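What follows is calculated from the coordinates using simple rules that are stated; it is not laboratory data. Nothing here was measured: the structure is a model prediction, and the numbers come from that model. Note that each Cβ is placed from the backbone with ideal geometry, even for glycine, and that neighbours are counted across all protein chains shown.
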């Protein structure tokens with residue numbers, strides 16, 4: 001599973017931070033940061049999700065009020 005996070009869309013509600021420790025608060029920017037992610041295009045970050053973190057990643061994506069977090073399965077199909 002792979003997660004993509006659109007930081008430009010983020011409005012800084014930080015619900016993702018509460019759901020998964022791969023996200024951290026960036027209080028200076030007023031947005032979350034996806035730790036250890038790779039920027040795949042301007043403002044969009046991607047990270048491979050380990051099997052044991054899939055549930056937390058799903059919760060983080062589902063709680064985002066502006067859909068800045070997307071999850072894709074191993075076939076590239078969007079899950080959330």
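Here are the numbers for this structure:
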item: Which numbered condition residue 25 fails, given (1) touching a residue at least 24 places away in the same chain (Cβ under 8 Å); (2) touching a helix residue (DSSP H, G or I) at 6+ places or on another chain (Cβ under 6 Å); (3) more than 25 Å from residue 75 (Cβ to Cβ); result: (1)
item: Tally of residues being part of a helix (DSSP H, G or I) and surrounded by 13 or more Cβ atoms within 10 Å (Cβ to Cβ) across region 19-68; result: 11
item: Looking only at region 1-18, and only at residues there that are touching a residue at least 60 places away in the same chain (Cβ under 8 Å) and either in a helix (DSSP H, G or I) or touching a helix residue (DSSP H, G or I) at 6+ places or on another chain (Cβ under 6 Å) (or both), the one that is surrounded by the most Cβ atoms within 10 Å (Cβ to Cβ); result: 3
